[in-house]
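**Student:** To start, I am sharing the structure in question, which I have written as structure tokens.
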Amino acid sequence: HPKQELVPELGGVALPRSLDLVRQPAFRIRGIQPHTLHPIEWLEPLAEPGAENLADAKRLIDWLTKTGQNLVQWPLLEYEQFPTYAAHAGAIADYAHVRGARVGAVVQMFGASALQNNYVLVHDENAWQPELEAGIDELMTVSWDSVALAAGEFVGNDPAEVISWLNHATQYFADNYPNVEVSV
């Protein structure tokens with residue numbers, strides 16, 4: 001557990017049998033997604049700015065890299081002051097990048113499908129395109145490596161409309177943020 005590190009007592013020095021051993025993981029991306037949409041222990045460190053929470057988030061990143069993982073991704077919440085949150089998330093991302101880890105955000109495509117105070121890209125389906133682009137631009141003030149576009153628990157929109165929004169979002173990322181991996 002990130003907050004309960006165990007360092008085994010070996011009773012002496014333990015040397016590897018070979019010093020030129022090379023290991024490679026089976027998967028390129030290995031990580032976790034703390035579900036910050038519910039009150040869990042990682043909600044405050046990942047979602048609420050502050051020095052103590054940033055220190056806790058860095059502890060999570062350290063644990064992630066010590067255990068051979070290279071990605072942490074979490075659902076973002078609707079923040080009243082996104083620039084304040086972006087500074088906090090950016091500090092987490094910068095620290096993760098120094099440690100060789102990637103960071104990802106999970107965002108909600110449409111507000112009517114967001115039942116858990118998610119960060120939402122589109123609130124008004126009649127103005128979806130400028131809202132979507134502005135939401136992505138705001139989101140990308142943090143150096144996210146990946147963004148997952150969530151459709152929500154209950155999608156009440158016309159499926160063809162939702163697909164067009166997703167297509168537009170992925171193309172907008174490709175055109176403006178080509179190094180970000182996008183998933184749905």
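The values are calculated or read from the model by the stated rules, or taken from the named source; none is laboratory data. Keep in mind that this is a model prediction, so the values were computed, not measured. Glycine also receives a Cβ, built like all others from the backbone with ideal geometry; neighbour counts cover every protein chain displayed. Calculation scope for accessible area: heavy atoms of the full protein, side chains included, ligands and nucleic acids excluded. Shrake-Rupley method; radii C 1.70, N 1.55, O 1.52, S 1.80 Å.
**Student:** Return the single residue from GLN108, GLN129, GLN81 with maximal mean-square fluctuation; model: Gaussian network over the chain, springs between Cα atoms under 10 Å.
**Tutor:** Result for the chain, Cα springs under 10 Å: GLN81 fluctuates most.
**Student:** Still on this structure, I have one more. Using a 1.4 angstrom probe, figure out how much accessible area the chain has per residue, in square angstrom, rounded to the nearest whole.
**Tutor:** For the chain, the solvent-accessible area averages 58 Å² per residue.
**Student:** Right, here's the next one. Quick check of the Kirkwood formula: for the range 91-180, what is the inverse mean of 1/r over all pairs of different Cα atoms, in Å?
**Tutor:** 13.7 Å
**Student:** Starting at the first residue of the range 15-20, write each ³J(HN,Hα) from the Karplus equation 6.51 cos²θ - 1.76 cosθ + 1.60 with θ = phi - 60°, in whole Hz, x for Gly and Pro.
**Tutor:** 3J(HN,Hα) across the range 15-20, in whole Hz: 9, x, 5, 9, 8, 10.
**Student:** Quote the accessible area belonging to LYS3 in square angstrom, nearest 10, computed with a 1.4 Å probe and with ligands, DNA and RNA left uncounted.
**Tutor:** Counting only protein heavy atoms, the figure is 80 Å².
**Student:** Related question: Quick one: the Cα spread of the range 117-156 along its three principal axes, in angstroms, biggest first?
**Tutor:** 31, 22, 15
**Student:** Turning to a different aspect of this structure: How would ASP158, ASP137 line up by accessible area, probe 1.4 Å, largest first?
**Tutor:** Result of the area sort, largest leading: ASP158, ASP137.
**Student:** Suppose accessible area is computed on protein heavy atoms with a 1.4 Å probe; arrange ARG17, ARG28 from highest to lowest.
**Tutor:** Result, largest first: ARG17, ARG28.
**Student:** Which entry is the computed semi-axes √(5λ) of the Cα gyration tensor in Å for this structure: (i) 35, 19, 14; (ii) 33, 22, 16; (iii) 21, 19, 18?
**Tutor:** The listed entry that was calculated here is (i).
**Student:** A further question on this structure: How many percent of the accessible area of the chain is carbon or sulfur, using a 1.4 Å probe?
**Tutor:** 53 percent
**Student:** Rounded to the nearest 500, what is the 222 nm mean residue ellipticity of the chain from helices alone, with -39500 (n - 2.57) per DSSP H run of 4+ residues and division by all residues?
**Tutor:** After summing the helix terms and dividing by the residues of the chain, the value is -12000 deg cm²/dmol.
**Student:** Leaving ligands, DNA and RNA out of it, rank TYR95, TYR119, TYR172 by accessible area with a 1.4 Å probe, largest first.
**Tutor:** Order by accessible area, largest first: TYR95, TYR172, TYR119.
**Student:** Roughly what angle does helix 159-176 make with the longest principal axis of the chain, taking Cα atoms, 0 to 90 degrees, to the nearest 10?
**Tutor:** Tilt relative to the chain: about 60 degrees.
**Student:** Same structure again: Sequence-distant or interchain residues sharing an amide H contact under 5 Å with ASN70, placed H: which?
**Tutor:** Amide H neighbours of ASN70: ARG30, GLY31.
**Student:** Just the projected area, averaged over all directions, of the convex hull on the alpha carbon atoms of the range 34-99: how many nm²?
**Tutor:** 4.2 nm²
**Student:** Would you calculate the separation in nanometres between label points at GLU78 and LEU19, each defined as 7 Å from the Cα along the Cα-to-beta-carbon direction?
**Tutor:** Computed distance between label sites GLU78 and LEU19 equals 6.0 nm.
**Student:** Once amide H atoms are placed 1.01 Å from N in the peptide plane, what residues at a sequence separation of 5 or more from ALA148, or on another chain, have their amide H within under 5 Å of its amide H?
**Tutor:** Long-range HN contacts for ALA148: ALA105, VAL106, VAL107, SER183.
**Student:** Still on this structure, I have one more. Could I have the simple spin-label model distance between TYR172 and HIS35, label points 7 Å from Cα toward Cβ, reported in nm to one decimal?
**Tutor:** Label at TYR172, label at HIS35, 2.8 nm between them.
**Student:** Could you check what % of the DSSP bridge pairs in the chain are antiparallel, to the nearest 5?
**Tutor:** Roughly 5 percent of the beta bridges in the chain run antiparallel, per DSSP.
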